[in-house]
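Visitor: First, the structure itself, so that you have it in front of you.
Read-outs throughout are calculated quantities, based only on the coordinates presented, and are distinct from any laboratory measurement. Owing to the predicted nature of the structure, the values given are computational and were not obtained by experimental measurement. Neighbour counts run over all protein chains shown; Cβ positions are idealised from the backbone, glycine included.
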Amino acid sequence: AMNIVHLISKKRDGEELADFEIGALIDAYVKGDVPDYQMAAWAMAVYLRGMNVAEIAALTEHMLHSGATFKWPAGEAPKVDKHSTGGIGDKVSLPLAPLLACCDLQVPMISGRGLGATGGTLDKLEAIPGFRTNLSTAEMQAVTRRVGCVISGATADLVPADRKLYALRDVTGTVPSIPLITASIMSKKLAEGLDALVLDVKWGSGAFMKTRELAHALARSMVDTGRRMHVPTTAIITDMNQPLGRLAGNAVEVNESIDALEGRGPADLMAVTLELGAELLVLTKRESSLADAMQRLQRAIDSGAGLEKFREMVVAQGGDLDAPRPVAPASEVASPRAGYVAALDTEALGRVIIELAADYTPLHTA
Ligand code: URA
């Protein structure tokens with residue numbers, strides 16, 4: 001049997017772990033052969049000592065293969081996805097997935113719940129009455145191939161190593177570690193069997209990464225890992241010092257996503273959506289330049305095809321886009337004096353939205 005204490009000590013002393021050592025550790029942890037206290041000590045050693053690209057890729061690979069992965073028949077449209085590190089008002093996945101599905105790509109998007117002050121894509125979609133975010137692995141693959149896009153939660157059989165390790169990190173102060181974050185995110189995304197991946201790494205007062213430098217380091221780590229695992233990967237670094245778009249909150253973000261698909265979205269939301277989509281069209285060689293790719297996405301908006309595709313996805317997942325969504329009554333808050341807003345505590349704004357939702361019983365609908 002493997003000596004777990006040796007692996008913990010090795011990382012504690014700043015040494016590099018071999019691929020087979022990382023594989024054996026993850027395997028034993030998922031099986032229940034390594035207790036949480038040893039895994040927690042190991043995670044803290046990684047937090048303090050870090051990992052090189054080879055170790056991060058090995059960790060990602062072994063986590064990814066701890067469970068089922070999506071399998072796709074050859075000869076169909078390339079499978080692509082986008083991951084965002086999250087921010088207030090970031091509803092980009094909602095318009096982006098159907099737009100990509102209109103451009104000869106397929107999007108099997110595993111998405112998550114809110115984290116800290118940021119809303120989750122699944123929570124937003126559940127503001128659509130009837131919308132199911134708990135599709136099985138088989139259902140997700142079927143909807144991807146039939147409609148072109150799907151957005152649903154991680155199923156029990158996908159990446160069990162991350163579910164277990166993330167819960168442990170959450171209670172041991174080992175979440176904010178770039179190697180552990182990289183492996184957590186990339187193992188889930190690469191379990192989708194992707195041909196290309198784009199990352200939106202946000203920085204600022206409403207982001208997980210508070211500085212541009214930290215966002216850049218995380219982006220570098222995730223891009224290196226994706227490429228090392230032979231999945232073309234790029235990242236864009238975007239500003240989260242104010243909310244994305246003009247609306248934040250679950251139901252209103254669905255509304256703004258529909259505005260975006262109708263060509264009336266706010267400029268910042270449209271720019272991030274088109275940039276991310278264009279990266280994927282170029283990575284999969286569907287377009288040769290980002291400018292051409294953006295025009296193609298814009299045409300999918302202008303023709304109404306993107307909105308139609310969104311509606312198709314909603315129906316495939318049991319939702320009714322015409323049913324009223326629970327939107328809180330609006331009221332204006334006037335500034336006591338003239339001036340302009342110089343800076344926002346975006347994270348505080350996110351927390352206010354979460355509290356408002358907790359207090360609010362939907363009586364009004366719009
Ligand atoms: N999101 C994830 O999925 N994993 C992390 O480790 C951090 C954020």
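Visitor: Just how far, in whole angstrom, is the range 252-301 from the range 138-193 if you go by their alpha carbon centroids?
Guide: Here the two parts' Cα centres lie 25 Å apart.
Visitor: Under a 5 Å amide H to amide H cut-off, with H placed in plane at 1.01 Å, what residues pair with residue 131 once short-range neighbours are removed?
Guide: 320
Visitor: What are the ³J(HN,Hα) values, in whole Hz, obtained from phi via the Karplus relation 6.51 cos²θ - 1.76 cosθ + 1.60 with θ = phi - 60°, for each residue of the range 36-47 in sequence order, with x given for Gly and Pro?
Guide: 4, 5, 6, 5, 5, 5, 5, 4, 5, 4, 5, 4
Visitor: Roughly how many nanometres apart are two label points built 7 Å out from the Cα toward the Cβ at residue 352 and residue 299?
Guide: Each label point lies 7 Å from its Cα, and together they span 4.3 nm.
Visitor: Taking a ≥ b ≥ c as the square roots of the Cα gyration tensor eigenvalues, with a/c under 1.5 meaning rounded and otherwise prolate when a/b beats b/c, else oblate, which class fits the range 251-337?
Guide: Since a/c reaches 1.5 but b/c is at least a/b, the shape of the range 251-337 is classed as oblate.
Visitor: Taking the beta-carbon count within 10 Å as an exposure proxy, list 186, 44 from fewest neighbours to most.
Guide: Details: 186 31, 44 18.
Fewest-to-most Cβ neighbours within 10 Å comes out as 44, 186.
Visitor: If I model a spin label at residue 330 and residue 255 as a point 7 Å from the Cα along the Cα→Cβ vector, what separation in nanometres do I get?
Guide: Distance between label points: 0.6 nm.
Visitor: Which shape class, rounded, prolate or oblate, goes with the chain when its Cα gyration tensor gives a ≥ b ≥ c as root eigenvalues, a/c under 1.5 marks rounded, and past that a/b bigger than b/c marks prolate? It would help to have the intermediate numbers written out before the result.
Guide: Working: a/c = 1.72, a/b = 1.39, b/c = 1.24.
It is prolate, given that a/c is not under 1.5 and a/b is the larger ratio.
Visitor: In which sequence would 280, 269 go, from the one with the fewest C-beta neighbours within 10 Å to the one with the most?
Guide: So the residues, fewest neighbours to most, are 269, 280.
Visitor: While we're here: Computed over the Cα atoms of the range 128-228, what is the convex hull's projected area averaged over all directions, in nm²?
Guide: Working: hull surface 32.9 nm².
The Cα convex hull of the range 128-228, projected and averaged over all directions, gives 8.2 nm².
Visitor: Explain nothing, just compute: Karplus ³J(HN,Hα) = 6.51 cos²θ - 1.76 cosθ + 1.60, θ = phi - 60°, for every residue of the range 223-232 in order, whole Hz, x for Gly and Pro.
Guide: Result, rounded to whole Hz: 5, 4, 5, x, 5, 4, 9, 6, 10, x.
Visitor: To continue, here is another question. Going down the list 11/202; 124/210; 164/202; 31/189, which pairs span over 28 Å between their C-alpha atoms? Don't skip to the end; give the middle numbers.
Guide: Working: 11/202 30 Å; 124/210 24 Å; 164/202 26 Å; 31/189 22 Å.
Those over the limit are 11/202.
Visitor: Here's something else I'd like to know. Taking the Cα centre of the chain as origin and charging only Cβ (+1 Lys, Arg; -1 Asp, Glu), how large is the dipole, in debye to the nearest 20?
Guide: On the way: 36 positive and 45 negative charges, 39 e Å.
Charge dipole of the chain: 180 debye, to the nearest 20.
Visitor: Got a sec to turn the phi values of the range 121-127 into Karplus ³J(HN,Hα) couplings, 6.51 cos²θ - 1.76 cosθ + 1.60 with θ = phi - 60°, whole Hz, x for Gly and Pro?
Guide: Couplings: 4, 5, 4, 5, 5, 6, 6 Hz.
Visitor: For the range 2-43, what relative contact order do you get, as a whole percent, if you take Cα pairs closer than 8 Å and at least 6 residues apart? If you can, show how the numbers build up before the last one.
Guide: Numbers: 20 pairs, mean separation 20.4, N = 42.
Rounded, it is 48 percent for the range 2-43.
Visitor: Ranking 131, 310, 20 by Cβ neighbours within 10 Å, fewest first, what do you get? Can you show the working numbers first?
Guide: Details: 131 22, 310 25, 20 11.
In increasing order of surrounding Cβ atoms, one gets 20, 131, 310.
Visitor: Still on this model: 7 Å from Cα along Cα→Cβ at both residue 27 and residue 308: what's the point-to-point distance in nm?
Guide: So the label points at residue 27 and residue 308 sit 5.1 nm apart.
Visitor: So how strong a dipole does the range 143-232 carry about its Cα centre when Lys and Arg Cβ are +1 and Asp and Glu Cβ are -1, to the nearest 20 debye?
Guide: Numbers: 13 positive and 8 negative charges, 11 e Å.
Approximately 60 debye in magnitude.
Visitor: Would you pull out the residues with amide H under 5 Å of residue 111's amide H, same chain only if 5 or more places away, H placed 1.01 Å from N?
Guide: 152, 153, 154
Visitor: In the range 209-366, with Lys and Arg counted as +1 and Asp and Glu as -1 at Cβ, which of these residues, 323, 352, 257, has the Cα nearest the positive end of the dipole, that is, farthest along it?
Guide: Value computed over the given set: 257.
Visitor: Between residue 166 and residue 37, what FRET efficiency follows from the Cβ-Cβ distance if R0 is 25 Å, with the result rounded to 0.05?
Guide: Plugging the Cβ-Cβ distance into 1/(1 + (r/R0)^6) gives 0.90.
Visitor: Could you give the size of the charge dipole of the range 66-222 about its Cα centre, using +1 on the Cβ of each K and R and -1 on the Cβ of each D and E, expressed in debye and rounded to the nearest 20?
Guide: Numbers: 18 positive and 14 negative charges, 44 e Å.
For this selection, approximately 200 debye.
Visitor: In percent, how large is the relative contact order of the range 162-297, given Cα pairs closer than 8 Å and 6 or more residues apart?
Guide: Working: 150 pairs, mean separation 28.1, N = 136.
Answer for the range 162-297 is 21 percent.
Visitor: Another question, if that's okay. Could you compute how fast the range 88-181 diffuses translationally, taking Rh as the Kirkwood radius over C-alpha pairs and applying Stokes-Einstein at 20 °C with viscosity 1.002 mPa s? Give it in µm² per second.
Guide: Details: Rh = 14.8 Å.
It diffuses with D of about 145 µm²/s by this estimate.
Visitor: Could you pull out the longest piece of the chain with no exposed loop GluC sites (Glu not before Pro) in it, calling a site exposed if DSSP puts it outside H, G, I, E, B and it has at most 16 other Cβ atoms within 10 Å?
Guide: On the way: sites that count: 15, 16, 76, 262, 332.
Between the exposed loop sites, the longest stretch runs 77-261.
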